[in-house]
Every structure is written in C-alpha cells, then in structure tokens.
Amino acid sequence: MSDNKFALPIHWNDYEDIAMELYEKFGDDFNESKIYRIRFTELLEWVLSLPNFAGTKEQSNEGHLEQIQSAWVYEWRDNQ
C-alpha cells in the first residue's frame with residue numbers, strides 16, 4: 001500500500017491501516033513492549049509522515065494514538 005499512489009487516503013480512525021503501514025516501515029525493530037513505550041510525540045510524527053495519510057496534527061488526540069499503538073501490537077503479533 002505504501003508505494004501505491006492510487007491508494008485511498010488514510011485517516012486518524014483507520015487504526016489497522018496505520019498499524020500495517022507502521023509495521024511495514026519498522027518491521028521487527030519494535031516488539032510489543034517497545035511499541036507500548038513509544039512516546040506519543042514520536043508516534044504522531046511517524047503517522048503524519050506515512051504515505052497517503054490525510055489527517056492533520058490538530059485532528060489527533062490521545063485516544064487515536066492509543067488505538068494505533070494497540071493495533072500496531074496486534075499487527076506485530078500476527079507477523080511473528
């Protein structure tokens with residue numbers, strides 16, 4: 001999905017899509033405990049830099065970031 005310029009835009013509530021993109025970007029560099037220790041300020045910047053991400057910094061909130069972290073952990077688990 002990352003290299004597809006025709007892919008649909010990703011928004012803040014597309015937690016699973018964001019998690020898949022983050023897993024593709026970082027792979028196994030982050031395990032479950034490391035994912036949960038990521039600072040929200042870092043996670044926010046990483047999400048904003050994803051290809052096809054259409055959200056803004058102002059639309060973000062702690063709930064979105066928590067959901068993204070959880071979805072990323074599940075994505076990591078699925079790939080182990």
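The values are calculated or read from the model by the stated rules, or taken from the named source; none is laboratory data. Note that this is a predicted model, so its numbers are computed, not measured. A quick note on method: Cβ atoms are made from the backbone with ideal geometry, for glycine too, and the neighbour counts reach across all protein chains shown. What goes into the accessible areas is simple: the full protein's heavy atoms, side chains included, and nothing from ligands, DNA or RNA. Shrake-Rupley method; radii C 1.70, N 1.55, O 1.52, S 1.80 Å.
Things worth noting here:
- Between W46 and E58, the simple spin-label model (points 7 angstrom out along Cα→Cβ) gives 2.6 nm.
- DSSP-assigned coil residues among trypsin sites (Lys or Arg not before Pro) in segment 20-59, each with at most 12 further Cβ atoms within 10 Å: R37, R39
- The order of D17, D28, D78 by accessible area, most exposed first and with a 1.4 Å probe, is D78, D28, D17.
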